[in-house]
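The values are calculated or read from the model by the stated rules, or taken from the named source; none is laboratory data. Note that the structure is predicted; figures quoted are calculated from it, not measured. Backbone-built Cβ (ideal geometry, glycine too); neighbour counts: all protein chains shown.
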Amino acid sequence: MGNFRRRGFRVAASLLNALFFLSACTELYEPQPVATAPLEKTPNVATVPGTNIRMAAAFYNNPHVVHQEFYGDQGLWRGHIAVIQLTIDSEEPNATDLLLDQAFVYLPQTGKYYPRITAKEAFDVAWPAGHPWAGVKEDVMNVGILLFTIATLGVGSVVWVLPSPFQQPVPESTPFGRYLGYRDMAETITLQPGSFRTGFLFFHLPKSVDMNHLQGAQLIVRLVTKKPEPAPHLVTFNLPPTTP
């Protein structure tokens, strides 16, 4: 029985060491600086009707640019998250308060509109898509903990106390999640004359749609200018097709 227990201890310890090594070797996330071109050099520009406010939409339309911006395959493209960088500038004579009321992506493939989601919702979709084997790893680790406990303390001492490194974290606890939140486009914006704001919009598209062959997609943005009195504006962008 003693030899069996020693052999079980060695097997369980080796399994746990391998699992923790695998977890430790996961590529660390390093946020990259976000840059935007001047609107004069951006092809997808629209003027908000009746104002001196301009908007530009940059569609991250292939996995390469998404991975480049978000430092590798974090699960956004694999999770069918469409990423659009929105830039707004103003040549109004006075400071302008804007409300980014609504934003949708329209897909002619489905004939439906898909609303903007929050950075937290984007993370909740992207994390499991970027860690497809997390559930399997967690099960294997649980078995390893069970064998380790039995081999060292006996069956009567099995207690599940160790947290799994493969469980989905909350966005605020990860650099990737914090980066999504930091770059999420604010809903309420104040623009000084000659200034601009930029940020990301996220849209969760259905799995039935091939992300590598989106054609004819449109971005529809509803803005409200608050002065001199609230006025709604609708701006539509034709998004370029995805390029694999």
Could you pull out the residue among Thr149, Thr198 that is surrounded by 13 or more Cβ atoms within 10 Å (Cβ to Cβ) and modelled with pLDDT of 90 or more? Thr198
If Ala56 passes every condition in (1) part of a strand (DSSP E or B); (2) closer than 13 Å to Leu201 by Cβ; (3) out of contact with any helix residue (DSSP H, G or I) (no Cβ under 6 Å at 6 or more places or on another chain) but one, which one does it miss? (3)
Residues of the stretch 64-89 being of a type outside the set (Val, Ile, Thr), outside any loop (DSSP other than H, G, I, E, B), over 30 Å from Lys227 (Cα atoms) and touching a residue at least 40 places away in the same chain (Cβ under 8 Å), which ones? Ala82
Within the stretch 209-228, take every residue that is within 13 Å of Leu99 (Cβ to Cβ) and not in a strand (DSSP E or B) and give me the one that is modelled with the highest pLDDT. Lys226
Boolean, Pro230 is surrounded by fewer than 18 Cβ atoms within 10 Å (Cβ to Cβ) and in contact with a Gly (Cβ under 9 Å, 6 or more places away or on another chain): no
